[in-house]
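The values are calculated or read from the model by the stated rules, or taken from the named source; none is laboratory data. Just so we're clear, the structure is a prediction, and the values are computed from it rather than from any experiment. Positions of Cβ are backbone-derived with ideal geometry, glycine not excepted, and every protein chain shown enters the neighbour counts.
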Amino acid sequence: MRSRQYGADVLAGGTGRRRFGGPGQREVPTVAAERGLVVEDSEGRFCGAVVGYEKGTVTLEDRHGKRRVFPLTPAAFLLEGQPVTLVPPAPRAPRAPAAAAAVAKSTLTASGSVAAPAAERARAKVARASRIYVEGKHDAELVEKIWGDDLRDVGVVVEYLEGIDDLPAIVRNFSPTPDRRLGVLVDHLVAGSKETKIASSVRSPDVLVVGHPFIDIWAAVRPSAVGIAAWPDVPRGQPWKEGVLRAIGWPPEVPAAWQRILRSVNSFADLEPELLGRVEELIDFVTMPGSA
């Protein structure tokens, strides 16, 4: 169960925020404000998980630990991009603290989405024709660790490209169609970069190319998760990963360093928002109604 607030993207021309309401609109469904449910307010200004309910209000907590209290008014929230009215959850019998913590943990995936029921997760799914491509092996491993459960639930396969210099040819060979969509995640997609120029050359309504601003996927991991104050600046012309390892005093072994970084990532809270929004956007794009 997914709720999306993507944030800005360098290739996007607008916010794309949908407005709801007005004559002839279908009735807005009601959803119980169960703890762990991830929603966003109808204005798209706050996205978080339900952490409490009291006296006609609901408390949401975002990925940064910030909390806000909202009234339970009609159509005040978006769930999976659609308007809903949150209602008080059904009363439950008290749980022992340890049991309650175990249940809460089991209902969320590492990305913060509400997990599918266990029986549904165990059922084999046929992979979609649509795909998500990422630049390298480290990108693919990080996406798998945080979004792997979500991707398996919707039958989406992630592949890595070893760079995007040949992206236009790769897209042509993929032969995208409305029921065979392609999403591409690009490193260092900032104005004026080589990556942005290549991405901008891809023109297809069935392809979405998005990216994060970091020069390498390592830097999309929050420094605090790795135990450093900040990712160091590496002088232009020097290999970035090797320069980082020298600056932070780690052994000069890139594969071992990456495994150390990957082990430090346990949930979406350990990643920067600029990456989170982009991956969520790609998943939604390749699973839109009509895509196979």
Counting just the residues of segment 195-209 that are in a helix (DSSP H, G or I) and crowded, with 17+ Cβ neighbours inside 10 Å, which one comes out farthest from the chain's Cα centre (by Cα)?
ILE198
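So which of ALA110, ALA33 is small (Gly, Ala, Ser), out of contact with any Lys or Arg (no Cβ under 7 Å at 6 or more places or on another chain) and modelled with pLDDT of 60 or more?
Working: ALA110 fails: out of contact with any Lys or Arg (no Cβ under 7 Å at 6 or more places or on another chain).
On inspection, the qualifying residue turns out to be ALA33.
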Residue that is farthest from VAL134 (Cα to Cα), among those in segment 227-275 that are at pLDDT below 95 and in contact with a His (Cβ under 9 Å, 6 or more places away or on another chain)
ALA269
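Looking only at segment 200-210, decide whether some residue is without any contact (Cβ under 8 Å) to a residue 40 or more places away in the chain, among the small types (Gly, Ala, Ser) and either under 24 Å from LYS145 (Cβ atoms) or in contact with a Cys (Cβ under 6 Å, 6 or more places away or on another chain) (or both). Break it down into steps so the answer makes sense when it comes.
Start the filter on segment 200-210 by keeping residues that are without any contact (Cβ under 8 Å) to a residue 40 or more places away in the chain, which leaves 201-207.
Subset that is among the small types (Gly, Ala, Ser): 201, 204.
Those still in the list that are either under 24 Å from LYS145 (Cβ atoms) or in contact with a Cys (Cβ under 6 Å, 6 or more places away or on another chain) (or both) too: none.
So far as segment 200-210 goes, no, none of its residues is without any contact (Cβ under 8 Å) to a residue 40 or more places away in the chain, among the small types (Gly, Ala, Ser) and either under 24 Å from LYS145 (Cβ atoms) or in contact with a Cys (Cβ under 6 Å, 6 or more places away or on another chain) (or both).
Go through segment 243-268 and report how many residues are under 29 Å from ALA127 (Cβ atoms), under 19 Å from the mean Cα position of the chain (by Cα) and touching a residue at least 24 places away in the same chain (Cβ under 8 Å). Break it down into steps so the answer makes sense when it comes.
Quick first cut of segment 243-268, residues under 29 Å from ALA127 (Cβ atoms) only: 255, 258-259, 261-263, 265-268.
Keeping just the survivors that are under 19 Å from the mean Cα position of the chain (by Cα) gives 261-263, 265-268.
Next, from what is left, pick out any that are touching a residue at least 24 places away in the same chain (Cβ under 8 Å): 261-262, 265-268.
Of the residues in segment 243-268, 6 are under 29 Å from ALA127 (Cβ atoms), under 19 Å from the mean Cα position of the chain (by Cα) and touching a residue at least 24 places away in the same chain (Cβ under 8 Å).
Is it true that PRO168 is closer than 24 Å to VAL38 by Cα and out of contact with any Pro (no Cβ under 9 Å at 6 or more places or on another chain)?
Values: closer than 24 Å to VAL38 by Cα: no; out of contact with any Pro (no Cβ under 9 Å at 6 or more places or on another chain): yes.
In short, no.
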Which one is nearest to the chain's Cα centre (by Cα) among residues in segment 269-292 that are β-branched (Val, Ile, Thr) and part of a helix (DSSP H, G or I)?
VAL279
It is to be established whether one or more residues within segment 171-194 are assigned to a helix (DSSP H, G or I) and of a type in the set (Ser, Thr, Tyr).
no
Single unsatisfied condition, ILE164 versus (1) in a helix (DSSP H, G or I); (2) crowded, with 21+ Cβ neighbours inside 10 Å; (3) touching a strand residue (DSSP E or B) at 6+ places or on another chain (Cβ under 8 Å)
(1)
